[in-house]
Amino acid sequence: MEYAQKDNLIFIRLHQGEDLFEKLTEVCGACNVTTGVVISGIGMLKQSELKFYKKYGEYSEVLFPEPLELVSLTGNIIFQEGEHQFHLHAVLAKPDKSSVAGHLGKGKVNVTNEIVIMTTDLAARRELDPDTGLMALTFT
């Protein structure tokens, strides 16, 4: 992994075999991210898990063990209760040019990933939304 920070932007390059969430957690800790926005993410992932909201508090999960192109990664990051929490969505392309998308649950880098995070001092947290069963973004 390599990263560079200037002002409120962090550029990250992840390498073959690295766990995306582990490395993002390391970078966010090193750069003291309290609230951030993933504004860009491209590359390739393998062993990806996409989650899909079904109903109150329930998701279905689909594992894609094969390498897929990471066409887009977006989402947000907050630091809450002593840890970084990620809400990331991904679009992954298959070799036949079809794509799958959803809430990214996990993924390992295949070849490389290039990710850009914008940080902010906006205070945000996640709380249970009783209407949906989701941990919803709120502002304090």
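Just so you know, all these numbers are worked out from the coordinates, no wet-lab data involved. Everything quoted here is computed from the prediction, not taken from an experiment. Cβ: placed from backbone, ideal geometry, glycine included. Neighbour counts: every protein chain shown.
Could you work out the Kirkwood radius for the stretch 2-139, taking every pair of different alpha carbons, averaging 1/r and inverting it, reported in Å? Mind showing how you got there, number by number?
On the way: mean 1/r = 0.0647 Å⁻¹.
Kirkwood radius, the stretch 2-139: 15.5 Å.
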Using label points projected 7 Å from each Cα along Cα→Cβ, tell me how many nm separate Val111 and Glu81, to one decimal.
3.8 nm
Per-residue HN-Hα couplings for the stretch 13-27 [Karplus 6.51, -1.76, 1.60; θ = phi - 60°; Hz; x = Gly/Pro]
10, 9, 10, 2, x, 6, 7, 4, 6, 4, 6, 4, 4, 4, 5
For labels at Thr120 and Tyr56 in the simple 7 Å Cα→Cβ model, what's the distance in nm?
3.1 nm
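Once you have the Cα-Cα distance between Asp96 and Gln5, take 0.36 nm times their residue separation minus that, and quote the gain in nm to one decimal. Don't skip to the answer; put the middle values down first.
Values: separation 91, 0.36 × 91 = 32.76 nm, distance 3.63 nm.
Net length gain for the segment: 29.1 nm.
Can you compute the helix-only [θ] at 222 nm over the chain? Use -39500 (n - 2.57) per DSSP H run of at least 4 residues, normalise by all residues, nearest 500 deg cm²/dmol. Walk me through the intermediate numbers first.
Working: 1 runs with 11 residues, N = 140.
It lands at -2500 deg cm²/dmol.
FRET efficiency for His103 and Thr34, Cβ-Cβ distance as r, R0 = 30 Å, nearest 0.05?
On the way: r = 22 Å, r/R0 = 0.74.
The formula returns an efficiency of 0.85 here.
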Taking a 26 Å limit on the Cα-Cα distance, which of the listed pairs Lys6/Lys94; Lys51/Lys108; Lys55/Lys106; Lys51/Lys97 fall beyond it?
Lys6/Lys94
Here, Glu22 and Met135, labelled 7 Å along Cα→Cβ, have an inter-label distance in nm of 2.0 nm
